[in-house]
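Everything below concerns the one structure shown next.
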Amino acid sequence: MPNDILHKDFKAAPFWWEAYKPVTGDLVEVPKTARVAIVGGGYAGLSCAIELADAGIEACVFESAELGAGASTRSGGGVSGGVNIGKSFTGKVTQLQPDVLQNILASGYDAFSLIESLIEREKIDCYWEKTGRFVGAWTPNDYAYQERRVATLNANAGSGAFMVPKERQREEMASDYYYGGMVVERSAKVHPALYYKGLLDAARRRKITLCAKAAVKTITPAGTGWRIATSRGDIEVGDVVIATNGYTGDATPELKRRLIPLASHIIATEELPPDLARTLIPKGRTLADTKRVLCYYRMSPDGKRMIFGGRARFTQVTPAVSAPILHRFMTDRFPQLKGTRVTHAWTGNVAFTWDALPHTGTLGGMHYALGCNGSGVAMMTYLGRQTARRIIGGANSTCGFELEEFPDFPLYNGNPNWALPGIGAYYRFRDGLSRTLARYS
């Protein structure tokens, strides 16, 4: 890795872990029985367990590593109001029937509302800020597509969306890099690790059984329920919830093959000069773009650092590979950050689906909450809650993500690593070509 971009105190770990680092703590013994077992202790798993506990239903949560070691404490912390729904990791937008799209966007609206109400109800101190999002248009064609979406987003998801032409772009960011873009007012940001800690504290207040370092090995039918073998003991339960998202493994092969685990890489800069830091994103929004191989970025909660993420590679790579790429992406957009050093670099898995939509439902008798498609903070919290409501039997409205089909792909077994480098290279080429053509059109 080029030494000139590394701070002397560089850490190959999430910046967010400076405030809350996942720890194992005292290992809770795996109980012999429970009403519900939840596999995965991230946002979805904890949200599901909290909802079940409030309905008087006992649940046991299993996490293969430390509580919070996965993507829940590794994300960029952006909270979408549904603007990304239906867009795949390739940048392709899924074509949906109008009534299906309306229901899905309404559920995206509910997901955002749930985050806000949970933070208020559980008194979670996680730097919740409803400052909106600016999505930069990579090409003029992308701007035109965004323009066509505004009315639908506002009508069905209450997005408060509006267009910002290129000549007014500096109202949103100190850069002329994009061809204008779209603002979505009903978006927010959090400190993702502190939000996770808040959910964890809420679960502990409810005396929910949380089993860290208990990797699930097998799940087999047992009478009217299930027997689960973990690395620390076996348990018999009535219902099983799979909430493993980008870390879905061999214990559930039929779900694994419906998910594409994609690495997302992030860097944090050193503290910036105050005058510079204040000017980069003047309205404090989260930023993203319409590239196939997208980038997303924001200021840290104290406004002193740039947190910059994106698909430096589609697979897991070391900071030696990802940090220079992300630093270059960052300075392409903000040349004034050249010479700024990186203090943290990290990665985590997001889960994309073949139809580019989040999913909750049942498969083979097991419940699932899977497929954040890059909108994990809101989506996984919401899918966990909706899964719990299905078990409780108290859902009073149809969830837009409880779809009839959860598609797979022929010959795909859930391990995309053989193909993702080639896919990433192809879409980077497509992004470069479309940008070049835009410059000369």
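The values are calculated or read from the model by the stated rules, or taken from the named source; none is laboratory data. The structure presented is a predicted model; accordingly, all values stated were derived computationally and were not measured. Every residue, glycine as well, gets a Cβ built from its backbone with ideal geometry; the counts of neighbours run over all protein chains shown. Quick note on the areas: whole protein, heavy atoms, side chains included, nothing else; ligands and nucleic acids left out. Shrake-Rupley method; radii C 1.70, N 1.55, O 1.52, S 1.80 Å.
In the set (1) in a helix (DSSP H, G or I); (2) surrounded by 24 or more Cβ atoms within 10 Å (Cβ to Cβ); (3) of a type in the set (Phe, Trp, Tyr), the condition left unmet by Tyr368 is number (1). If a residue has to be of a type in the set (A, V, I, L, M, F, W, C) and in contact with a His (Cβ under 8 Å, 6 or more places away or on another chain) to count, how many in the range 309-322 make the cut? Final tally of qualifying residues: 2.
Restricting attention to the range 54-65, does a residue exist that is modelled with pLDDT under 95, surrounded by fewer than 16 Cβ atoms within 10 Å (Cβ to Cβ) and closer than 23 Å to Ala251 by Cβ? No, every residue in the range 54-65 fails to be modelled with pLDDT under 95, surrounded by fewer than 16 Cβ atoms within 10 Å (Cβ to Cβ) and closer than 23 Å to Ala251 by Cβ.
Scanning the range 341-365 for residues that are assigned to a loop (DSSP other than H, G, I, E, B) and open to solvent by 10 Å² or more (accessible area, probe 1.4 Å), we see that the one that is farthest from Cys48 (Cα to Cα) is Arg341. A search for C-beta distances below 7 Å between a residue of the range 158-186 that is touching a residue at least 60 places away in the same chain (Cβ under 8 Å) and any residue that is of a type in the set (Val, Ile, Thr) and surrounded by fewer than 16 Cβ atoms within 10 Å (Cβ to Cβ), counting only pairs 6+ apart in sequence or on different chains, returns Ala174/Thr279. Inside the range 125-177, residues that are at positive phi, open to solvent by less than 10 Å² (accessible area, probe 1.4 Å) and either assigned to a helix (DSSP H, G or I) or touching a His at 6+ places or on another chain (Cβ under 6 Å) (or both) make up a count of 0. For the range 1-50, a residue qualifies if it is small (Gly, Ala, Ser) and open to solvent by 70 Å² or more (accessible area, probe 1.4 Å), and exactly one does: Ala12.
When the range 291-330 is examined, which residues are found to be more than 19 Å from Gly132 (Cβ to Cβ), open to solvent by less than 10 Å² (accessible area, probe 1.4 Å), outside any loop (DSSP other than H, G, I, E, B) and of a type in the set (A, V, I, L, M, F, W, C)? The answer is Ala323, Leu326, Met330. So, Val30, is that one of a type outside the set (Phe, Trp, Tyr), in contact with a His (Cβ under 9 Å, 6 or more places away or on another chain), within 30 Å of Gly225 (Cβ to Cβ) and modelled with pLDDT of 95 or more or not? The answer is no for Val30.
Can you find a residue that is touching a residue at least 12 places away in the same chain (Cβ under 8 Å) and within 22 Å of the chain's Cα centre (by Cα) anywhere in the range 219-240? Scanning the range 219-240 turns up no residue that is touching a residue at least 12 places away in the same chain (Cβ under 8 Å) and within 22 Å of the chain's Cα centre (by Cα). Of the set (1) assigned to a helix (DSSP H, G or I); (2) out of contact with any strand residue (DSSP E or B) (no Cβ under 7 Å at 6 or more places or on another chain), all apply to Ala203 but (2).
Filter the range 251-263 down to the residues that are open to solvent by 10 Å² or more (accessible area, probe 1.4 Å) and either assigned to a strand (DSSP E or B) or touching a helix residue (DSSP H, G or I) at 6+ places or on another chain (Cβ under 7 Å) (or both) and list them by number. Residue satisfying the conditions is Pro261 alone.
Inspection of the range 394-411 finds no residue satisfying the criterion of being outside any loop (DSSP other than H, G, I, E, B), modelled with pLDDT under 90 and of a type in the set (A, V, I, L, M).
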